[in-house]
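Structure, as structure tokens:
The values are calculated or read from the model by the stated rules, or taken from the named source; none is laboratory data. All of these numbers come straight from a predicted model, not from anything done at the bench. Every residue, glycine as well, gets a Cβ built from its backbone with ideal geometry; the counts of neighbours run over all protein chains shown.
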Amino acid sequence: MGLADIFQRITDSLPDDWTHLELDLRIAEESRYVEAALYLTTCNAQPYSRHDWHWRLLVAHRFGHAAPAQAVHCALRLLDDAGIEGEMALREIRTGRVEVEPMWGRPQSAREEFRRLRAQ
């Protein structure tokens, strides 16, 4: 099973209110580290230095300061297509958070538009 499929299984198993994931990624062939790093820049993977694992992947569901789940899935699919094998470990799941947007001083139309966009 490829890395993208493993990631998809992880996200499919989570409740709908998950907000952030933290995953560690290690590739099997360290000689392909630079090539893998090139693909992983699309999801802003953070390299570890002096660690057993190679990268940390921060994933956001609907909001937040992390890569969207779709971007991470795409980057892992690129690794799969290039024949780069590896393993992932789920380190942390955050659930139940809500997005906070300061609305002080904004007109009512802006507040209604924000609610309309977030209700979808």
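Can you work out which of the residues in segment 91-111 that are in contact with a strand residue (DSSP E or B) (Cβ under 8 Å, 6 or more places away or on another chain), of a type outside the set (Val, Ile, Thr) and exposed (fewer than 14 other Cβ atoms within 10 Å of the Cβ) is farthest from Arg56 (Cα to Cα)? Walk me through how you get there before you give the answer.
Pass one, segment 91-111, residues in contact with a strand residue (DSSP E or B) (Cβ under 8 Å, 6 or more places away or on another chain): 91-97.
Filter once more, keeping what is of a type outside the set (Val, Ile, Thr): 91-92, 94, 96-97.
Then keep just the ones that are exposed (fewer than 14 other Cβ atoms within 10 Å of the Cβ); that gives 91-92, 96.
Numbers: Arg91: 9, Glu92: 11, Gly96: 22 Å.
Checked segment 91-111; the qualifying residue farthest from Arg56 (Cα to Cα) is Gly96.
Kindly check whether there is at least one residue in segment 30-47 that is of a type in the set (D, E, K, R), within 21 Å of Gly96 (Cα to Cα) and more than 13 Å from the chain's Cα centre (by Cα). Working first, answer last.
Our first condition is that a residue be of a type in the set (D, E, K, R); within segment 30-47, this holds for 30, 32, 35.
Narrowing further to those that are within 21 Å of Gly96 (Cα to Cα): none.
Checked segment 30-47: no residue is of a type in the set (D, E, K, R), within 21 Å of Gly96 (Cα to Cα) and more than 13 Å from the chain's Cα centre (by Cα).
Based on this model, can you work out whether Ala67 counts as closer than 30 Å to Arg111 by Cβ, modelled with pLDDT of 90 or more and either under 11 Å from the mean Cα position of the chain (by Cα) or loosely packed, with under 13 Cβ neighbours inside 10 Å (or both)? Show your work before the answer.
Working: closer than 30 Å to Arg111 by Cβ: yes; modelled with pLDDT of 90 or more: yes; either under 11 Å from the mean Cα position of the chain (by Cα) or loosely packed, with under 13 Cβ neighbours inside 10 Å (or both): yes.
When the stated conditions are applied, Ala67 passes them.
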